[in-house]
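J.: Just dropping this structure here.
The values are calculated or read from the model by the stated rules, or taken from the named source; none is laboratory data. Because the structure is predicted, anything quoted here is derived from the model rather than measured. So basically every Cβ, Gly included, is an ideal-geometry build from the backbone, and we count neighbours across all protein chains shown.
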């Protein structure tokens with residue numbers, strides 16, 4: 001019914017009844033619920049009066065009812081996104097900040113960004129919650145204290161600001177979810193998402209559900225060992241994929257090899273000028289990524305792999321070797337069945353995934369536990 | 001209600017009503033269904049008459065109602081297993097055969113083995129289906145023809161013999177399912193099962209459901225590349241885990257290194273005598289397995305890893321190095337959260353998994369599509 005109102009605009013009760021094919025009684029019952037919940041509003045100003053009698057009552061989606069908000073507190077930026085009641089993306093906004101900005105300032109920044117999307121008036125309507133992405137593992141039932149320490153009262157701060165419950169999950173996992181709903185893998189049942197950014201992480205949609213793993217620690221593709229004799233990783237391990245495929249690792253390796261690039265755009269410029277050192281380096285990095293992806297495909301059997309993160313701006317120089325290595329190392333009978341795609345949602349993905357967490361009716365979340373933190377940690 | 005009858009034995013209607021706490025009407029409705037379906041039978045011979053009046057009617061599980069049968073058509077053996085209505089394992093039986101034995105002979109062998117478990121009288125009761133494990137991938141919707149060719153009419157042969165529908169899946173995946181229901185990971189929501197046998201394979205229980213992957217190709221751990229410069233694998237790849245960790249690969253490597261063993265028991269004997277070549281070899285194999293398992297843990301986040309297959313008879317010589325490498329390469333914060341266990345169901349695991357496929361009400365199968373092959377392939 002909401003979909004009909006979305007697609008057709010304002011409709012009278014009888015028009016709506018005809019189009020949805022429900023009995024008068026059922027229609028009445030459902031509309032009563034939708035009107036009471038504020039999802040649908042009535043208007044007596046019919047644009048085309050039917051001749052005699054009072055004008056037919058017209059039903060429309062409530063423009064105030066439906067913005068859902070997601071916030072991604074990344075390492076060095078806040079991203080926000082909004083979708084309307086029909087789950088269409090309304091807009092997104094971002095602002096970078098220093099890595100050590102206190103939570104209170106980040107929350108204030110988030111509130112300001114949300115204001116730019118909603119015209120200053122936040123209307124959470126029937127959704128009545130905000131979905132939030134954060135860096136690092138979330139959701140280990142045995143690790144509540146450590147998780148609360150790291151989040152440092154963030155859920156409480158947000159609840160105070162926005163006055164609604166707050167759902168929190170890892171922002172990369174949320175990006176995987178968003179790409180599977182609105183992005184490169186829209187509608188995918190088995191999706192593997194890899195993000196190549198300051199860190200290397202990912203997420204899994206498995207059999208139609210976002211997957212967390214036993215301790216909220218799934219999708220940690222960046223910490224898969226690719227070189228047991230490799231560099232020390234921040235996680236405490238050695239030779240993790242992150243030590244060769246993060247932005248920092250790639251730039252450092254390029255500069256050590258005689259190149260000169262301080263950021264990804266500079267590296268992209270070098271690639272575009274045909275710089276052999278940069279091309280060789282990305283071939284090596286892409287090959288390592290492809291071997292890891294092939295291993296994961298053999299284990300998990302996704303239909304779509306989505307690669308996101310700033311490093312994908314290097315384009316075919318990276319993605320080409322990834323595809324070659326994936327094809328060479330995947331089980332041959334799976335070779336042409338897995339589709340590799342670039343992420344399409346950009347830096348808004350984490351915030352959009354936060355919204356998906358709120359739109360809990362998504363089939364992708366049907367088996368996914370709600371992750372609202374314990375209220376005790378607000379104090 | 002069935003569980004109460006299983007645990008308490010025969011009960012009167014009023015005793016059953018008291019214990020399950022349901023209303024008289026609800027109790028009556030449920031019992032009507034159970035009696036009609038043959039799951040429960042009544043008996044007037046009350047062992048303890050209540051003084052005056054006719055003896056209370058007693059309800060028991062129908063001993064004839066409930067054997068469920070699973071069959072595993074492995075490469076060189078047929079395994080069968082049976083569980084009773086209460087889902088307890090009644091028994092299992094196996095018989096080896098030549099690798100090229102025709103399907104008709106294998107089916108005849110299966111029927112004979114089933115007869116030894118059921119006393120000659122097969123009573124499938126309310127379950128009314130047989131679950132069957134086979135070698136190789138099963139369940140790719142785009143590969144029906146190839147799958148039918150490989151199965152070569154097996155489902156039709158079985159249906160003719162047993163007169164009930166036949167459900168088919170990969171036998172290693174079924175073993176993973178069985179270990180998660182009756183075996184080393186009983187009750188596990190996130191279980192990774194690895195089998196080290198003539199081939200190397202596995203299966204995943206993910207978020208409480210057996211996972212198949214987009215094309216029925218999940219759990220192919222044996223074809224994860226562990227050495228890009230390694231040996232050619234039967235799958236067409238190079239340096240797959242199977243090329244270093246299958247029974248044949250381990251025995252060949254041992255013999256090339258100067259040892260002498262034609263089968264796993266001989267290798268176990270060498271290990272028990274402290275043979276340094278064998279110990280070093282298994283340390284190397286175990287390390288490679290542990291690195292793969294660590295990668296999969298980082299990606300998927302299981303709570304339990306179960307290792308099965310004949311090669312686990314090498315015991316601590318293999319499992320020790322697996323655990324060390326797993327611990328060294330898993331994300332440090334996950335280190336003490338994943339439990340590594342030896343499989344407990346032995347060679348019956350695949351057949352038991354077949355039964356689980358039939359007991360479709362298992363929560364582990366709640367999101368798992370039934371895999372009854374197209375009747376068209378019987379002709």
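J.: Is there a residue being more than 11 Å from every other protein chain (Cβ to nearest Cβ), under 22 Å from the mean Cα position of the chain (by Cα) and modelled with pLDDT of 95 or more anywhere in segment A:279-292?
T.: For segment A:279-292, residues more than 11 Å from every other protein chain (Cβ to nearest Cβ), under 22 Å from the mean Cα position of the chain (by Cα) and modelled with pLDDT of 95 or more: present.
J.: Here's a follow-up. In a loop (DSSP other than H, G, I, E, B) and either surrounded by fewer than 20 Cβ atoms within 10 Å (Cβ to Cβ) or at pLDDT below 90 (or both) - does that describe any residue in segment B:104-116?
T.: No, the conditions are met nowhere in segment B:104-116.
J.: Can I ask one more? Do we have residue A:326 as part of a helix (DSSP H, G or I), touching a residue at least 40 places away in the same chain (Cβ under 8 Å) and within 14 Å of another protein chain (Cβ to nearest Cβ) here?
T.: no
J.: Further, regarding this structure: Pick out the one residue from A:207, A:201 that is touching a helix residue (DSSP H, G or I) at 6+ places or on another chain (Cβ under 6 Å), buried (at least 22 other Cβ atoms within 10 Å of the Cβ) and either more than 9 Å from chain B (Cβ to nearest Cβ) or at positive phi (or both).
T.: Of the residues listed, the single one that is touching a helix residue (DSSP H, G or I) at 6+ places or on another chain (Cβ under 6 Å), buried (at least 22 other Cβ atoms within 10 Å of the Cβ) and either more than 9 Å from chain B (Cβ to nearest Cβ) or at positive phi (or both) is A:201.
J.: Restrict the check to segment A:267-277 and report whether at least one residue is part of a loop (DSSP other than H, G, I, E, B) and within 18 Å of the chain's Cα centre (by Cα).
T.: no
J.: Quickly run through segment B:252-283 and pick out the residues that are touching a helix residue (DSSP H, G or I) at 6+ places or on another chain (Cβ under 8 Å) and surrounded by fewer than 14 Cβ atoms within 10 Å (Cβ to Cβ).
T.: Within segment B:252-283, B:257, B:258, B:260, B:262, B:263, B:265 meet the criteria.
J.: Which one of these is modelled with pLDDT under 70, touching a helix residue (DSSP H, G or I) at 6+ places or on another chain (Cβ under 8 Å) and part of a loop (DSSP other than H, G, I, E, B): A:56, A:48?
T.: After ruling out the rest, the residue left standing is A:56.
J.: Can you find a residue in segment B:242-263 that is within 11 Å of chain A (Cβ to nearest Cβ) and in contact with a strand residue (DSSP E or B) (Cβ under 8 Å, 6 or more places away or on another chain)?
T.: The answer is yes; a qualifying residue exists.
J.: Inside segment A:159-189, can you point out the residues that are over 14 Å from residue A:203 (Cβ atoms) and touching a residue at least 40 places away in the same chain (Cβ under 8 Å)?
T.: Once the filter is applied, which keeps residues that are over 14 Å from residue A:203 (Cβ atoms) and touching a residue at least 40 places away in the same chain (Cβ under 8 Å), segment A:159-189 yields A:159, A:161, A:162, A:164, A:165, A:166, A:167, A:168, A:182, A:189.
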